[in-house]
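The values are calculated or read from the model by the stated rules, or taken from the named source; none is laboratory data. Keep in mind the model is a prediction, meaning the values are calculated, not measured. Cβ placement follows ideal geometry from the backbone for every residue including glycine, while neighbour counts extend to all protein chains displayed. Only protein heavy atoms, including side chains, enter the accessible area calculation; ligands, DNA and RNA are left aside. Shrake-Rupley method; radii C 1.70, N 1.55, O 1.52, S 1.80 Å.
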There are 2 protein chains.
Amino acid sequence: MDAMTVTEITDTRSDTCAGPPQGDRRPDGKDKYTISEVAALTGLTAHTLRWYERIGLMPHIDRSHTGQRRYTNRDLDWLALVGKLRLTGMPVADMVRYAELVRAGDHTYAERFELLKATREDVLARIAELQGTLAVLDRKISFYADAGRALASERA
Amino acid sequence: MDAMTVTEITDTRSDTCAGPPQGDRRPDGKDKYTISEVAALTGLTAHTLRWYERIGLMPHIDRSHTGQRRYTNRDLDWLALVGKLRLTGMPVADMVRYAELVRAGDHTYAERFELLKATREDVLARIAELQGTLAVLDRKISFYADAGRALASERA
DNA sequence: TAGATCCTTGGAGTGCGCTCCAGGCAAGCG
DNA sequence: CGCTTGCCTGGAGCGCACTCCAAGGATCTA
């Protein structure tokens, strides 16, 4: 029974709720994408997708009978999460760490929770930084706008 | 007369209003800092300060009679602006471009204005991205929190 | 005047995140 | 059958933003 709960927590579905549904997906059950399809859907290159796999950032990817990768909707969800985390500036190594925790199973649940909360704080801090920068830019922009008006009235 | 206005616009003072006064500054007129003092004030390394100069990201820096750099408050202001822009992810090459415009004189005024406005839009877009990421993180965090409660009540 | 500490330079090295290459296999098509 | 297209691999290469090194000069404290 403990095992059951645990399985649910670790279920990839739970760990890949990373965004609104992207277009052009196939329904679950028929979700088999080639690497170039995934590249088109995610904006990553096939090179990058293979590289993510090599460094351990991806779960195991299914292969066709000839050895070609076949990605699932679940893989796309994971890539969407990775994309979001990448936007925050999180180092790839940290994302690999998170991927390892997911692979390791349910006993890493608490650690994942902490990692997510820390990331959340980072994101908040980054937003605050950017808002500070925005204030500086706005001051400079209004300075240039005023200077522009002064020049224009002089010329008149 | 046109020349005068122009001089004001180009005046470095106008281009370095980059933030609240940082602590530990000396008053204008006695503002002579060694490279290691600037490193301490800005958090950059002396290496990085010299490198910024080499690539054209800094204006000309005064030298002591023996050739050592002596930074002014104005230089610190410029570095504060550079720091803010760096936080936005602006490439160093773009900052160099801006520095060149400032050095080039008043006729680059319009171009600087456009560059600042474009940067402002970038920053807004980045903030929006981060808020999207924050939403994803919050969903995952609340998922883990719920799962945690479930596990706890099971154990009870 | 010795020794420690700080500063100078040009150029080489580092770490990250890709990005690409060579050489080869497999499937589809006229 | 040959041709094209797409995918496979390990490993090399690249661009960015630093980061450091070696060798030497300047400054400070005792």
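Looking only at the stretch B:114-121, decide whether some residue is hydroxyl-bearing (Ser, Thr, Tyr), open to solvent by less than 50 Å² (accessible area, probe 1.4 Å), within 14 Å of the chain's Cα centre (by Cα) and within 10 Å of chain A (Cβ to nearest Cβ).
From the stretch B:114-121, those hydroxyl-bearing (Ser, Thr, Tyr) are B:119; that's our starting set.
Remaining after also requiring open to solvent by less than 50 Å² (accessible area, probe 1.4 Å): B:119.
Next, only the ones that are within 14 Å of the chain's Cα centre (by Cα) stay: B:119.
Checking the rest, the ones that are also within 10 Å of chain A (Cβ to nearest Cβ) come to B:119.
Among the residues of the stretch B:114-121, at least one is hydroxyl-bearing (Ser, Thr, Tyr), open to solvent by less than 50 Å² (accessible area, probe 1.4 Å), within 14 Å of the chain's Cα centre (by Cα) and within 10 Å of chain A (Cβ to nearest Cβ), which makes the answer yes.
Considering only the stretch B:17-31, I want to know if a residue exists there that is under 24 Å from A:ARG126 (Cα atoms), away from every other protein chain (no Cβ under 14 Å) and out of contact with any Asp or Glu (no Cβ under 9 Å at 6 or more places or on another chain). For the stretch B:17-31, residues under 24 Å from A:ARG126 (Cα atoms), away from every other protein chain (no Cβ under 14 Å) and out of contact with any Asp or Glu (no Cβ under 9 Å at 6 or more places or on another chain): present.
Quick one: in the stretch A:46-55, which of the residues that are under 15 Å from the mean Cα position of the chain (by Cα) and more than 9 Å from DNA strand D (Cβ to nearest atom) is least open to solvent (accessible area, probe 1.4 Å)? Here the residue is A:TYR52.
B:GLY132 passes every criterion in (1) under 16 Å from the mean Cα position of the chain (by Cα); (2) open to solvent by 20 Å² or more (accessible area, probe 1.4 Å) apart from (1).
Is it true that A:LEU130 is more than 16 Å from DNA strand D (Cβ to nearest atom) and more than 7 Å from every other protein chain (Cβ to nearest Cβ)? Walk me through it before giving the result.
Values: more than 16 Å from DNA strand D (Cβ to nearest atom): yes; more than 7 Å from every other protein chain (Cβ to nearest Cβ): no.
No; evaluated as a whole, the condition is false for this residue.
Only residues that are open to solvent by less than 40 Å² (accessible area, probe 1.4 Å) and either near DNA strand D (Cβ under 9 Å from one of its atoms) or of a type in the set (Gly, Ala, Ser) (or both) were counted in the stretch A:26-45, giving 4.
The C-beta contact set for the stretch A:56-73 (first residue within 8 Å of DNA strand D (Cβ to nearest atom), second residue open to solvent by less than 40 Å² (accessible area, probe 1.4 Å) and not in a loop (DSSP other than H, G, I, E, B), distance under 6 angstrom, 6+ apart or interchain) comprises A:ARG69/A:ILE35. Scoring A:LYS84 on the criteria (1) at the interface with chain B (Cβ under 10 Å from one of its Cβ atoms); (2) free of Cβ contacts under 8 Å to residues at least 60 places away in the same chain leaves a single failure, condition (2).
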